[in-house]
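Read the figures in this text as sums done on the coordinates, not as results from a lab. Please read these numbers as outputs of a predicted model, since none were measured by experiment. So basically every Cβ, Gly included, is an ideal-geometry build from the backbone, and we count neighbours across all protein chains shown.
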Amino acid sequence: MMTIQKCVDTLRSAKQISILTGAGVSKESGIPTFRDALDGLWARFDPRQLATPQAFQKDPKLVWDFYEYRRALMRPAEPNAGHFALAALQRRFPTLRIITQNVDDLHERAGSDDVIRLHGNIARNKCSADCQGSPTRVDVSQLTWDKASGPPPCPYCGRLVRPDVVWFGEMLPRDELDRALDLARRSDVMLVVGTSGMVSPSAEMPYLVKDHGGVVIEVNPETTPITRIATLHLQGASGVVLPEVVAALDTAQ
Ligand code: APR
């Protein structure tokens, strides 16, 4: 309770708040992370090895099928109390922005505005060669192809279509990354929610805040590399902790 109150006091005195989210925030919506073991057909694969350009080059059908499987897992998912609490925070602090590493759309569906998406959007696809410029989006619902053969060919150039997500070892979308870096440099408070803080450059954002004297607040049931630089660690599930922050914020000052 003490930490929640300190968090609220810190938020109230902030000029620019940013939120960095990772897979943990969507966990209570039933979306598995890349680090979770998979079951059924996919149990013998390491998801981190499938989410790479090398894997797609070697076996495009395998990687495409893996993404179709992930999409099927995500389809029924609904935003949870953590997503809704972050949207509520933005209504109270209108300049607040969320930087997410997640490829689902649960922040937007919970009502968050102008979300900075560092790792793309799993619901979309693009040409693997970005033949019409980066990104060359392709709406596969408009295409007919033999679905048992894997990804469809790009309607513009004939090379393969792939999910519009950032794979391990790939560059992040330049505009989104620039916005995130600029925001981190301007933030005097960053809430780091549900991320293991192990994947660069996203994991560097809290350090940028810290470097210029800002405060980092972590929301995570576990400790992570970020915990060391966090002024506060709200140790618990985001779907529990974040609504408590909003409730405390709304009680008399
Ligand atoms: N609430 C908050 N945090 C949680 C919860 C929860 N209910 N459940 C788990 N967590 C925490 C875990 O303790 C862990 O620290 O969420 C974090 C999830 O870490 P990762 O699976 O590493 O996810 P993330 O940090 O988003 O990964 C970064 O790597 O998997 C790739 O590209 C993918 O965007 C992803 C990136």
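Within the stretch 20-36, the presence of at least one residue that is among the hydroxyl-bearing types (Ser, Thr, Tyr), part of a helix (DSSP H, G or I) and touching a residue at least 12 places away in the same chain (Cβ under 8 Å) is confirmed.
The selection criterion, being touching a residue at least 40 places away in the same chain (Cβ under 8 Å) and either within 24 Å of residue 184 (Cβ to Cβ) or not hydroxyl-bearing (Ser, Thr, Tyr) (or both), holds for residue 11. Under the condition of being surrounded by fewer than 18 Cβ atoms within 10 Å (Cβ to Cβ) and over 28 Å from residue 53 (Cα atoms), the residues counted in the stretch 183-209 number 4.
Of the residues 234, 242, 172, the single one that is touching a helix residue (DSSP H, G or I) at 6+ places or on another chain (Cβ under 9 Å), surrounded by fewer than 22 Cβ atoms within 10 Å (Cβ to Cβ) and touching a residue at least 24 places away in the same chain (Cβ under 8 Å) is 172.
Restricting the stretch 87-122 to residues that are of a type in the set (Ser, Thr, Tyr) and more than 16 Å from the ligand (Cβ to nearest atom), the residue that is nearest to residue 28 (Cα to Cα) is 112. For beta carbons closer than 9 Å, sequence separation of 6+ or different chains, a first residue in the stretch 67-78 that is closer than 19 Å to residue 49 by Cβ and a second that is part of a helix (DSSP H, G or I) and among the small types (Gly, Ala, Ser), the qualifying pairs are 69/40.
Among the residues of the stretch 70-121, those that are over 18 Å from residue 242 (Cβ atoms) and under 10 Å from the mean Cα position of the chain (by Cα) comprise 103, 105, 116, 117, 118, 119, 120, 121.
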